[in-house]
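Just so it is clear, none of the values below were taken in a lab; they were calculated from the coordinates. Keep in mind the model is a prediction, meaning the values are calculated, not measured. Heads up, the Cβs are rebuilt from the backbone with ideal geometry, glycines too, and the neighbour counts pull from every protein chain shown.
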Amino acid sequence: MANLKVVMILPTYNERDNIGHIIDALQAQFRHMSHDMHILVVDDSSPDGTADIVRQKQAGGSNANVHLLMGQKAGLGAAYIRGMSHAMDKLHADAVFEMDADFSHKPEDVPRLMAALDQGADFVIGSRYVKGGSIPKEWGLLRRMNSLGGNIVGRYVAGLYKIHDCTAGFRAIKTSLLRKIVFDDLRVQGYAFQVALLHKAVSLGATIKEVPVDFIDRTEGESKLGISDIIEFILNAWWIRLHSSKTFIKFAIVGSSGVVVNLGVFTLLLQANVNKYLASPISIEASIITNFLLNNYWTFRWRKSADHVRIKGLKFNMVSLVSLAVSYSTFVLLSMLFPATPPEIHQLVGIAPAMFINYFLNSYWTFKH
Ligand code: GDD
């Protein structure tokens, strides 16, 4: 494999006690590697003076391959996006690494990840959850649950079923792949970036390889993962789910046709002087029937459910009752709260929560694989 220019991106926020040592440890690894290896520290103006340590390293003659990119604190994902853009546009990198600056990832593992890139992978994951990889024994229940939960959400909500460690932060990626990705489309700022980028790579058909690594608990400084990162992570996984699922798109199309049926029947009944409180459930039921037929014979046609069609029909009706109740109670509530607003608006707003509940119950229960 030809020599590549490789930029190792180290995002830092208050890593004064780690950054100098990790730069030294990486430089020691680079001596045994044939590629043109660089380090790019992406620091968010850390108040502890992390950047000063990097500048001191740069001043030492043998560190011409150490680069520093400063910015304002906007999250781990935002730092990686800045770093990757800089590595591609200004440093003309052929490949980049993501790596924590706190020794959670072992510098000795860098050559193994690089070898996997050399062997043809586009995206290499330093994985804790494949055979040979590990998480720290010292991790408490909460940290284990957090990591496990993140991976379950990444795999089963965002749909990264084949990946064992989708939240890993130790990865090597070819820039030929990164150049196909519009970072703004990922719409993430924090730790959700790991899953968002990986999902994009998978959907572009990239060759992904997981290499086992041991994740080491940091001894200096502390984790920056906050509650807002967890919320963004979960929301992002659901966003991916909803936007990448052909089934959901079909369901949304069917749902839109249901809206037309619902409002069409409702308008006709009002014109025929039917009481609005009776016209509403009749129109909802009419749309449920058309939705059922279209979803059963089109949206979920390929699902190989073990249930007999009669059982599926029964389940669908039970789910429909739940969504009917949700839609109707929303309608009644809005009619009471905003009597001056046209009833068509109340009816329309009532459709939204009902459709959401309808999709998830039908997808995970009625038409489950
Ligand atoms: N520039 C910048 N800006 N760097 C940041 C920021 C930020 O907002 N937040 C964190 N970092 C840096 C830290 O200084 C450290 O070098 C690295 O990113 C990882 O941050 P930690 O806060 O130590 O991460 P962690 O141990 O909780 O999470 C690790 O494991 C996760 C999976 O369990 C990371 O590897 C994550 O990427 C990974 O998803």
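Taking the chain as a Gaussian network of alpha-carbon nodes connected by springs under 10 Å, the highest mean-square fluctuation of the residues 16, 112, 31 belongs to 31. The order of the peptides 45-56, 175-186 by mean Cβ neighbours within 10 Å, most packed first, is 45-56, 175-186. Reported value for the chain: 175 Å³ per residue, from the convex hull of its C-alpha atoms. Across segment 162-172, computed HN-Hα scalar couplings (Karplus, 6.51 cos²θ - 1.76 cosθ + 1.60, θ = phi - 60°) run 7, 8, 8, 10, 8, 9, 4, x, 10, 8, 10 Hz from first to last residue, x flagging Gly and Pro.
The separation of segment 169-198 from segment 105-155, counted between C-alpha centres, amounts to 16 Å.
One chain, two ends: residue 21 and residue 145. Fully extended at 0.36 nm per residue, the span grows by 41.6 nm beyond their Cα-Cα distance.
Which helices count as membrane-span-like in the chain under these terms: full DSSP H, at least 24 Å along the axis by C-alpha, Kyte-Doolittle mean of -0.5 or more? The partial results should precede the final answer.
Numbers: long enough: 227-244 (26 Å, 0.73); 246-271 (38 Å, 1.40); 276-294 (27 Å, 0.99); 309-337 (41 Å, 1.29); 343-361 (28 Å, 0.94).
Answer set is 227-244, 246-271, 276-294, 309-337, 343-361.
Residues whose amide H lies under 5 Å from that of residue 207, counting only those 5 or more places away or on a different chain, are 122, 123; hydrogens are built 1.01 Å from N in the peptide plane.
Quick one: net charge around residue 204, please, counting Lys, Arg +1 and Asp, Glu -1 for every other residue with C-beta under 10 Å from its C-beta.
Working: positive: 180, 200; negative: 122.
Counting the neighbours of residue 204, the net charge comes to +1.
Hey, which aspartates and glutamates would be in cross-link range of residue 90, C-alpha to C-alpha under 16 Å, not counting anything within fewer than 8 residues on its own chain? Correct list for residue 90: 36.
Rg ratio for segment 39-102: its Cα radius of gyration over 2.2 N^0.38 Å, N being its residue count, equals 1.10. Pairs over the 27 Å Cα-Cα cut-off, from the set 131/250; 73/106; 162/368; 276/315: 131/250; 276/315. Neighbours of residue 52 by Cβ distance under 13 Å: Lys/Arg scored +1, Asp/Glu scored -1, total -1. Restricting to DSSP H runs of at least four residues, report the calculated mean residue ellipticity at 222 nm for the chain, -39500 (n - 2.57) per run over all residues, nearest 500 deg cm²/dmol. Here the helix-only value at 222 nm equals -17000 deg cm²/dmol.
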